[in-house]
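Enquirer: I'd like to ask some things about the structure below.
Just so you know, all these numbers are worked out from the coordinates, no wet-lab data involved. This one's a predicted model, so the numbers in the text were calculated from it and none came from an experiment. Don't worry about glycine lacking a Cβ; one is built from the backbone with ideal geometry, like all the others, and counts go over all protein chains shown.
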Amino acid sequence: MLMSLLRLFERLGAEVDTSLEVASDTTVDAVLQVRLDGARARFAVEVKPRAPYPSEIASMSALQERLRSLGAPLLVAPYISVSTGETLTERCWSWADADGNADIRADGVRIQRRVSASPPKKRSTDLPTGVGSWAIIRSLITDGVVAGATAAAKRAGISQPRASQILARLTEANLVEREGRSLWRADREALLDALLSEYRGPGGETLWFYSLNPPGRVAEAAIESRVSHQTVVISGDVAADRLAPWRTPTQVTLYSTGEVNEDRLEVVAARGADDGNVEVIVPDDVSVFQDGWAGDLPIAHPTQVIWDLMRLGGSDREEAAERVRAWLLSH
């Protein structure tokens, strides 16, 4: 990522000196002397593996002061969203990301660029699709390992030969590694990124409703009003609030194997997302139902919760998705 910053300065015609010496006990990723349009500025660079959440930036004042003793604090991360960039700027940070977005200010040097308002798409890994694929992929993301194709087939409800084909495809994509005769181990983070990039949705039918009740109460009513043999799970805002609390839910996303009771939910039909705050999806992809409990409230598979947050959009949901992702990968 530091090379991305240097290439950015180069494209803008800046001269950069990276040979500045600092004390051996100083913790800093780089100190740069930059000359641009006759102005000179010195930057102390902090490289992060991910952008800080907006709520974390206020607690970075000690780091900022330590960097300021060496130059203007400049934070570099893989991708910095519009909202995070605005918060960093308000807190007097200079920043840049690997996608070319930047807001850099110091001693007469001013660079402000917004190349993209959304993260760059991940490289396609050509995941296997079709019957059983998403179920096995979700299980591998959750568990990290599977003890053989027979176990994978049983969990996904497919044949053993089909499970073997899926595991072979994942192995070819370097997302799963075979250990011994009957154990496959997944690169959970890479597999999650691939699913989020390539998944095209659960299909099926979506109905929209509107409710005056709090989203959490609507979700609880949906669970309480299930009929025999009906499965209902929660996704989106409410699920994220149960798994990794961050933002107050404003919308309800339900996956169901059948119709919901509108009277019990206290909802009225809506024309669509513009005038509804409750969506009920009867999906074709039943893998959304697996492995999802948060206390007494059944939750869609965490990978589906993340995907729905990204689908629904908004900077708050973007951060909520990152928090659910961190929660998932830490378990």
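Enquirer: For the pair L20 and K48, how long in nm is the line joining their label points, each one 7 Å along Cα→Cβ?
Expert: 2.1 nm
Enquirer: In addition: With point charges of +1 on the Cβ of Lys and Arg and -1 on the Cβ of Asp and Glu, referenced to the Cα centre of segment 133-198, which listed residue (T150, S164, W134) lies farthest in the positive direction of the dipole?
Expert: T150
Enquirer: Find the relative contact order for segment 1-99 and round it to a whole percent, using C-alpha pairs within less than 8 Å whose residues are 6+ positions apart.
Expert: 26 percent
Enquirer: At E224 and Y79, where each label point lies 7 Å from the Cα along Cα→Cβ, what is the point-to-point distance in nanometres?
Expert: Here the answer is 4.0 nm between the modelled labels.
Enquirer: Quick one: Karplus J couplings for segment 56-65, per residue in order, coefficients 6.51, -1.76, 1.60, θ = phi - 60°, nearest Hz, x for Gly and Pro?
Expert: 8, 5, 4, 8, 9, 5, 5, 4, 4, 5
Enquirer: Which FRET efficiency, nearest 0.05, do H331 and D37 yield, Cβ-Cβ r, R0 45 Å?
Expert: 0.35
Enquirer: Which whole-Hz ³J(HN,Hα) couplings does segment 184-201 yield from phi under the Karplus relation 6.51 cos²θ - 1.76 cosθ + 1.60, θ = phi - 60°, glycine and proline marked x?
Expert: 10, 10, 9, 7, 4, 5, 5, 5, 5, 4, 5, 4, 5, 7, 9, 5, 9, x
Enquirer: For the pair T89/R114, report the inter-label distance in nm, with labels modelled 7 Å from Cα in the Cβ direction.
Expert: 0.7 nm
Enquirer: With just the Cα atoms defining each centre, how far is segment 54-82 from segment 181-235? Give it in Å.
Expert: 36 Å
Enquirer: Test of the criteria: in segment 242-331, which trypsin sites (Lys or Arg not before Pro) are in a DSSP loop and have at most 10 other Cβ atoms within 10 angstrom of their Cβ?
Expert: Here the trypsin sites (Lys or Arg not before Pro) that fit, given the DSSP loop and packing criteria, are R271.
Enquirer: Relative to the present Cα-Cα distance, how much length would full extension add between V286 and A147 at 0.36 nm per residue of separation?
Expert: 47.8 nm
Enquirer: Mind listing the phi-derived Karplus ³J(HN,Hα) values for segment 129-139, rounded to whole Hz, using 6.51, -1.76 and 1.60 with θ = phi - 60°, and x for any glycine or proline?
Expert: Whole-Hz 3J(HN,Hα) from phi for segment 129-139: 10, x, 4, x, 4, 5, 5, 5, 4, 4, 4.
Enquirer: Per residue of the chain, what 222 nm ellipticity follows from adding -39500 (n - 2.57) for every DSSP H run with n ≥ 4, rounded to the nearest 500?
Expert: Helices in the chain give a 222 nm mean residue ellipticity of -10500 deg cm²/dmol.
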